Structures are given as structure tokens and as C-alpha cells.
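Read the structure below first, then the notes.
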Amino acid sequence: MLFEVNGKQLIPKQIGWEPSEKDLENLIISTSKAELNLDYNIFGEYLFFVDNQKRGSNKKILDIIALDEHAQGVIIELKKDKGSLGVETQALQYLSDTAQYTGDDFIKEFKLGDKEGTLEAFFYEGITVKDINQRSRIILIAREFDESLYSMGQWLANQGISFKCIKYAPHTIEGNQYLSFSVSFDQSSDHNQYRVNFKKRKTRKSDYFWHNLGSDDSNWLAYLYDSGQISASFNNQEGDRGEVILKNYISGDVVFAYVSGIGCLGYGKIKGNGKYKLIKQGSDGDVFDPSGLHLHRLPIEWKAFLPENKAITAKELREKFEIATPVQTSSKIRKGNIKGLIEKIEQQAN
């Protein structure tokens, strides 16, 4: 409950709006339209959207099914109000229904045949289509949770079924509607998102990467090119995913610029003397960013950069160069005619 302080009195104020369960589902799914993956800032991880409103063998309807970067099936169950004991049983029923589909059978059941290359680019290195849904996970989203559900989640995790709970809260501010999300419980058997890992980082050779520039605003794209930068957003705080992505690039990496809905706009190379920085919102470096959210920056030496009307489209990338388009901010390009793509970009730039 939110209270307004009026002198020495507290006056209860209702500032929330009440989305229906279906509205909540549609809003969450809407974040997948641009890049096929559900919003990282909701789930705290990348999830590839597969389907929603899928009817199971018990005639009940599964809210959302996705795949994580380990190729595990993710059952996402939504509750408008409180998540209590029993909701996990419903999710387990859905999990049981979908667990029968693995590898190519999963691809056929969910009609993902045209996305196989995109999926393999989305998965961690070494994971392929044949690994899809060999294991499954559960994510619950609700306004609040009965703490006894967390005990059940702990038990399920101990049995090898990863279990996560996410709270949502609706807000109304100056007539505008907002939703906030926060992870309240996370027991991931294989890859807990918050697990501390002190393993020594392995060195690697330079490679080829997609990097999504985050906006199709022409002034923003021109600024990134003129200033020799790539950017990332997320929480725009030290140590968040945006910083990790940019610091993961090493000298010699070749980075291809991509914008959702437009295509590939160019390529450049990361130089060893380039230093990552987190700029201040409202500073000179932020002036061209229409969203005001891409504050993580890394220098890049652009080799060629195209105007939007000469971009290499997603269809051309797939059909002519056999290269899958990215579904997240940064992803390795693992196969395809990369040399041919570079030649095409340079030809278009001249």
C-alpha cells in the first residue's frame, strides 16, 4: 500500500491499475516481437519465445513456452494475483506434456523449422537443435507468492527441475500505466543466474559477432558511426549485463552492426587500446540516443557502414549468406558465408 504524507497523517493511495491475466501475457509476449526473445529485464536471462496459449493433453492451456540458452524448455505460468501451492502442480502438468518433444520433434511440434539457424546462434556454443528440451524448467509470474511455494520450488530444484518466481507490480504515474518485475526466488539447478563463479576465465581467439545497435533512429546510427562506438543498455549500472557484453569483446573481434527491422548496417573491428566506459545520462555522449538508455559504450574501428536504405536485410542474410540474425544484443556468428557478407557490405558502401 502506498501512503501520501499529508501533514502528520498518512492517507492510503491506490496508484496501481489491474491488468487481467490475458493482458499480462500479451504485454510480456509483445516484447518478443522485435527480436524473437522475451525481454531480458523481465526474466533476468535471455529466453527465446516459442509459443503461447498451447493446449495440453488435459485440455488446459499453457500460458507461454520458451527456450533458454541451454536449450531447456521453459514453462511460464502467469497468475493475476497470488501464487500459492497448487500452481506448481499445474505448471508440472504442462511440463510433462511438452517434455515428450525433444530435438527435431520439438522443432516440428512448434513449427520452428525456419528458425533452426537462429536458435543455434541463440544457444550457448556447442549446443545444437538436437539438445532442445532434454530438460525443462518452470517460471511463475504473480503479484505475490505464498512462501510455502518457495519450499516446494527448493524441493523441485533438488530433483533437477529449475524453478523461478517473478513478482510483478502495476503502477499508474501521471495517468501513464507501468509494470515492474523482480525475481523473488530462483533455484536453477544448472545455471543459477546469481551464482558466484570464481573459475579462471579462459582466453579465446578473436571471432565474429552480431551487435544490435538498439535503435533505428538515423541520428543515433550516424552518431555511433561518426564517434566509432557500439553501445548497450540494460540497467545502465556498473557490473550489469551491458557492461559484461561490451567487456567480453577482445582485440581483433569483428563486430557486425545490426538493427531489428532494418538488417546489417556494417562491420568494424575491436582494437586493444579501446576502453569501455559508462557515460552519464544527459552528457554530451548521450545527446543523440533517443531512448537515453544506451550508456554502456565501447570504441570500435568501423570498416564500412551503410545508410539504412542499403542495409543487408534479414531475408538476404539467411538466403544469400546462410547467416542467422541475432535475437539478443550480442551473439557469435558461428557459420555462414561471412567473407561474402563483408564483400557485400563494402560493395554497398562504395
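The values are calculated or read from the model by the stated rules, or taken from the named source; none is laboratory data. No experiment lies behind these values; they were computed from the predicted model shown. Neighbour counts run over all protein chains shown; Cβ positions are idealised from the backbone, glycine included.
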Quiz item: Of these, GLY239, GLY285, which one is over 21 Å from ASP39 (Cβ atoms) and of a type outside the set (A, V, I, L, M, F, W, C)?
Solution: GLY285
Quiz item: Can you tell me how many residues in the range 256-274 are part of a strand (DSSP E or B), without any contact (Cβ under 8 Å) to a residue 60 or more places away in the chain, of a type outside the set (Gly, Ala, Ser) and more than 16 Å from LYS315 (Cα to Cα)?
Solution: 1
Quiz item: Of all residues in the range 107-119, which are assigned to a helix (DSSP H, G or I) and either surrounded by 18 or more Cβ atoms within 10 Å (Cβ to Cβ) or of a type in the set (Gly, Ala, Ser) (or both)?
Solution: ILE107, GLY113, LYS115, GLY117, THR118, LEU119
Self-check item: Number of the exception - SER215 against (1) modelled with pLDDT of 90 or more; (2) crowded, with 16+ Cβ neighbours inside 10 Å; (3) hydroxyl-bearing (Ser, Thr, Tyr); (4) in a loop (DSSP other than H, G, I, E, B)
Solution: (1)
Quiz item: Pick from ASP253, ASP226, ASP217: which is touching a residue at least 60 places away in the same chain (Cβ under 8 Å) and at negative phi?
Solution: ASP217
Practice problem: Inspect all residues belonging to the range 231-247 and state whether any of them is under 15 Å from GLY285 (Cα atoms) and not in a loop (DSSP other than H, G, I, E, B). | Solution: yes
Exercise. For the range 275-286, enumerate the residues that are touching a residue at least 24 places away in the same chain (Cβ under 8 Å) and surrounded by fewer than 18 Cβ atoms within 10 Å (Cβ to Cβ).
Key: LYS275, TYR276, LEU278, GLN281
Practice problem: From the list ILE230, ILE262, ILE323, pick out the single residue that is among the β-branched types (Val, Ile, Thr), surrounded by fewer than 21 Cβ atoms within 10 Å (Cβ to Cβ) and in contact with a helix residue (DSSP H, G or I) (Cβ under 9 Å, 6 or more places away or on another chain). | Solution: ILE262
Self-check item: Residue list for the range 193-212, filter: surrounded by fewer than 20 Cβ atoms within 10 Å (Cβ to Cβ) and modelled with pLDDT of 90 or more
Solution: SER206, ASP207, TYR208
Self-check item: Which numbered condition ASP286 fails, given (1) at pLDDT 95 or above; (2) closer than 27 Å to GLY272 by Cα
Solution: (1)
Quiz item: Tell me, which strands (runs of 3 or more DSSP E) wholly within the range 40-83 include 2 or more residues that are closer than 15 Å to VAL183 by Cα?
Solution: 73-78
Quiz prompt | Meets criteria (touching a helix residue (DSSP H, G or I) at 6+ places or on another chain (Cβ under 7 Å) and not in a helix (DSSP H, G or I)) for ILE138 | solution = yes
Quiz item: Within the range 110-128, how many residues turn out to be of a type in the set (Lys, Arg) and at pLDDT 90 or above?
Solution: 1
